[in-house]
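The values are calculated or read from the model by the stated rules, or taken from the named source; none is laboratory data. Just so we're clear, the structure is a prediction, and the values are computed from it rather than from any experiment. Glycine also receives a Cβ, built like all others from the backbone with ideal geometry; neighbour counts cover every protein chain displayed.
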Amino acid sequence: MQSTMQSTSLPKFLRQKDEFSSQYTRTCRLDVEKRQSVLYVLGTTLKASLNRSAPPKTKYFSVKCTDNVQYIISPLLQTTSYLSPVPLMDNSVLLITMKEASVHENDNKLSVWYYDADKTVLDKAVLHLTGVDISLDVDADRDGFVEKNNPNKNTWKWGPHGHGAILLVNCDAESLYKKRPDHERNIKRRMSSDVKDMSPMVLRTKGPAKLPEGYKLVLHICQSDGEKIRVFISSVDHYPLVLYSASLSKEIPYLGNDEIKFYVEGVKFPDKDFDGLIHINLSLLEPISEGIPETPIFTDAVVFRVAPWIMTPNTLRPVEVFVCSTKDNYKFLKGMKSLVESSGYKLKICHEYMNRGDRWMQDELEFGYIDSPHHGFPVVLDSPRDQQLDDFPYDVLLGPDFGYVTREPKRKDVSSLDSFGNLEVSPPVTVNGKHYPLGRIIIGVAFPTASKGRNMTKMVQDFLWAQTVQEPIALFSDWLEVGHVDEFMSFVPAKDRKGFRLLLASPDAGYKLFKNLQNDGHGDAKLFEDIPDEPTITVNEILADKILQDENNYSQSCIDWNRDVLKRELGLDDEDIIDLPVLFKLVEDGGQYRALAYYPDMVNMIVLGENLGIPKPFGPKVNGVCALEQEMVSLMGNLGLTCTFIDDFTSYHKLMGEVHCGSNVRRSPFDFKWWNMEM
């Protein structure tokens, strides 16, 4: 009966079992009738059945090999050497590896000798081995460098201890001639300026100067991935296209002891039908004979995840502020210019020849960014509203290191809720132990039971959900005439608690303020008295208007619904929320009644660090001071924030918008890297 020896007593050639535990094992034939030449890839294991090639009457075998070849016999026998004849069992298997790549073709050899019962040689099988080292590599450990043969290069894992390479959608425009996003340009090569936007991939080889006759290296992708990426190969002064939707495989030259650099660009962002993962494969093909297809003898694979589009909340540092210039918004522009310049940021004005009278900068676009260990850049998401400002994101913002993405649903599906005043993002939060280090996207939709409500189009919602890292929250905003979440909420920075406060419009807070004014003898104080041609109304008249009070009770109920959702989904306490005194009124719209701000909506503000640009409310004055402004200064001053009140009454408020609606802010990206999220 055969028994297995302990590893401590085995000779050196038998103590290498760990070196034979490769995930890639290839069956190899032994042939006593002809010499076999085998191409061996380092890191793999060749497996040969000793019985299959044994001549009739074989009872024993022995093995000899050159120094660069290693082997074990499975199952192990109680022996110190296979150089002398040992018994052949029915299940005897030879496992072969090599220590180093070959210098020349067939410069290594292994032979198996077969013996009869008298240990007389019957025949022998000879393998001539050529060892090559082949590795398709990416930046799997996310440190900005392409390491050799990372064991995790073909899988992807989230978290600070995760792994997997990252791919950017090449959506900026390096060339301003016939400007288009780079990934939409139908060209067969890229120039050096494109390289920084793409992810490196390296084919490393080591071995003889050339492969044995007929062997091929082929790089390939599947059809679905071909629509989402392009692969370019590094040449002398440009980068020819090798893999894309119309070319799913490409033979790649073997260069001996050298490497070939590739650059991979993303074509599509994650979306409803795309989880963001991409696989690229390398195969070594072996010839059989002329007219017969080659067969794969080795494959290597790498995985990329396409970087998500990430929004930036009010708590991040501003970089530049965008507003429109129109024939009637001089006062607004003057106030914005003063605020932005005193805050130390850049103001970019979109003039009338470009905006064509469309002043709603917030509604047209949302700023975000994409990021990877090797590069990142801002990316503007263009809304599907497609009004007069429609050309601005593409014609003005798209350029070198400034990307562009949009979703274009059918026009009949687009409503006011698809404007991006209805798209916000919270600061980082922790909810029931789950951390959202990049915050959570906030959108407004119809109430769940509404049969005829307006909604943000499904195509845009699908895109936002598919980015994964800022899991969206849906609020009820269809109760508003315009229907945007920025009409009743905003975030401002704070130095305590969670690092921010949620500001909510509050009719209850408004009525409380007006009742206090009345009780203090200021019931005759007027709203709107500094606005030419605008009818004034006293505090007493507002408090006496029962219809207005009912309308604000309704508005408060809608806001309270959203308050509860935000508390639950953002992990907030009441102390994290500040109620701002804002009243609403209902207007009829196609047989339905929806709400508008009664006076300039102070929650609809621009946040520039510690400086806030707030719609001037033109509220009742006490001793020459607007009581609404005074309340805002008190509430925000407690957080160390400074209020600047901007007159937008005629040019924005009367047109159903405010300061936030008419401006937009590009902000610095998060310091936190999205791939370090725990998912």
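Quick notes on this one:
- Strands (runs of 3 or more DSSP E) contained entirely in the stretch 331-429, each with at least 3 residues that are closer than 20 Å to residue 471 by Cα: 365-371, 376-382, 423-425
- Total residues in the stretch 68-91, condition at pLDDT 95 or above and either buried (at least 20 other Cβ atoms within 10 Å of the Cβ) or acidic (Asp, Glu) (or both): 1
- Scan the stretch 583-595 for residues that are at pLDDT 95 or above and either polar (S, T, N, Q) or under 20 Å from residue 526 (Cα atoms) (or both) and the total you get is 3.
- Taken together, the residues in the stretch 200-254 that are on the phi < 0 side of the Ramachandran plot and not in a strand (DSSP E or B) amount to 25.
- Screening the stretch 576-679 for strands (runs of 3 or more DSSP E) wholly inside it with 1 or more residues that are under 25 Å from residue 445 (Cβ atoms) and β-branched (Val, Ile, Thr) returns the ranges 577-581, 584-589, 606-608, 663-667.
- The set of residues in the stretch 209-251 that are more than 23 Å from residue 129 (Cβ to Cβ) and of a type in the set (A, V, I, L, M) comprises 219, 221, 229, 231, 233, 236, 241, 242, 243, 246, 248.
- Members of the stretch 200-220 that are β-branched (Val, Ile, Thr) and buried (at least 20 other Cβ atoms within 10 Å of the Cβ): 205
- Taking the stretch 644-653 as the range and being surrounded by fewer than 21 Cβ atoms within 10 Å (Cβ to Cβ) and under 39 Å from the mean Cα position of the chain (by Cα) as the test, the residues that pass are 644, 651.
- Looking only at the stretch 535-575, and only at residues there that are hydroxyl-bearing (Ser, Thr, Tyr) and assigned to a helix (DSSP H, G or I), the one that is surrounded by the fewest Cβ atoms within 10 Å (Cβ to Cβ): 557
- Filtered by the rule that a residue be modelled with pLDDT under 95, assigned to a loop (DSSP other than H, G, I, E, B) and surrounded by 14 or more Cβ atoms within 10 Å (Cβ to Cβ), the stretch 268-290 gives a lone residue, 287.
- Of residues in the stretch 618-632 being touching a residue at least 60 places away in the same chain (Cβ under 8 Å) and within 29 Å of residue 594 (Cβ to Cβ), the one surrounded by the fewest Cβ atoms within 10 Å (Cβ to Cβ): 631
- Pick from the stretch 393-417, criterion hydrophobic (A, V, I, L, M, F, W, C), out of contact with any Pro (no Cβ under 6 Å at 6 or more places or on another chain) and in contact (Cβ under 8 Å) with a residue 40 or more places away in the chain, ranking: farthest from residue 173 (Cα to Cα): 417
- Residues that are surrounded by fewer than 24 Cβ atoms within 10 Å (Cβ to Cβ), under 27 Å from residue 554 (Cβ atoms) and out of contact with any strand residue (DSSP E or B) (no Cβ under 6 Å at 6 or more places or on another chain) are absent from the stretch 633-643.
- Criterion (over 21 Å from the mean Cα position of the chain (by Cα) and buried (at least 21 other Cβ atoms within 10 Å of the Cβ)) met by exactly one of 424, 364: 364
- Residue identified as over 20 Å from the mean Cα position of the chain (by Cα), modelled with pLDDT of 95 or more, closer than 23 Å to residue 271 by Cβ and assigned by TED's automatic domain parsing to the domain that holds residue 594 among 474, 466: 474
- Among the residues of the stretch 148-169, those identified as surrounded by fewer than 14 Cβ atoms within 10 Å (Cβ to Cβ) and more than 22 Å from residue 437 (Cα to Cα) are 148, 151.
- Filtering the stretch 187-199 to residues that are crowded, with 16+ Cβ neighbours inside 10 Å and either touching a helix residue (DSSP H, G or I) at 6+ places or on another chain (Cβ under 8 Å) or assigned to a strand (DSSP E or B) (or both) leaves 190, 194, 197, 199.
For (1) in contact (Cβ under 8 Å) with a residue 40 or more places away in the chain; (2) crowded, with 19+ Cβ neighbours inside 10 Å; (3) within 29 Å of residue 349 (Cβ to Cβ), each residue gets a yes or a no:
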| residue | (1), (2), (3) |
| --- | --- |
| 368 | yes, yes, yes |
| 372 | yes, yes, no |
| 382 | no, yes, yes |
| 391 | no, no, yes |
| 419 | yes, yes, yes |
| 429 | yes, yes, no |
| 441 | yes, yes, yes |
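- Taken as a whole, the structure leaves residue 94 outside the set of residues that are closer than 29 Å to residue 209 by Cβ, in contact with a Lys or Arg (Cβ under 8 Å, 6 or more places away or on another chain), surrounded by 20 or more Cβ atoms within 10 Å (Cβ to Cβ) and outside the structural domain of residue 151 (by TED's automatic domain parsing).
- Candidate set: the stretch 163-183, residues that are outside any loop (DSSP other than H, G, I, E, B) and more than 18 Å from residue 225 (Cβ to Cβ); chosen: the one modelled with the highest pLDDT: 163
The rows are residues; the columns are (1) of a type in the set (Gly, Ala, Ser); (2) part of a loop (DSSP other than H, G, I, E, B); (3) surrounded by 21 or more Cβ atoms within 10 Å (Cβ to Cβ).
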| residue | (1), (2), (3) |
| --- | --- |
| 447 | no, yes, no |
| 460 | no, no, yes |
| 469 | no, yes, yes |
| 496 | no, yes, no |
| 501 | no, no, yes |
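- Looking across the stretch 291-319 at every residue that is within 27 Å of residue 429 (Cβ to Cβ) and of a type in the set (Ser, Thr, Tyr), the one that is surrounded by the fewest Cβ atoms within 10 Å (Cβ to Cβ) is identified as 315.
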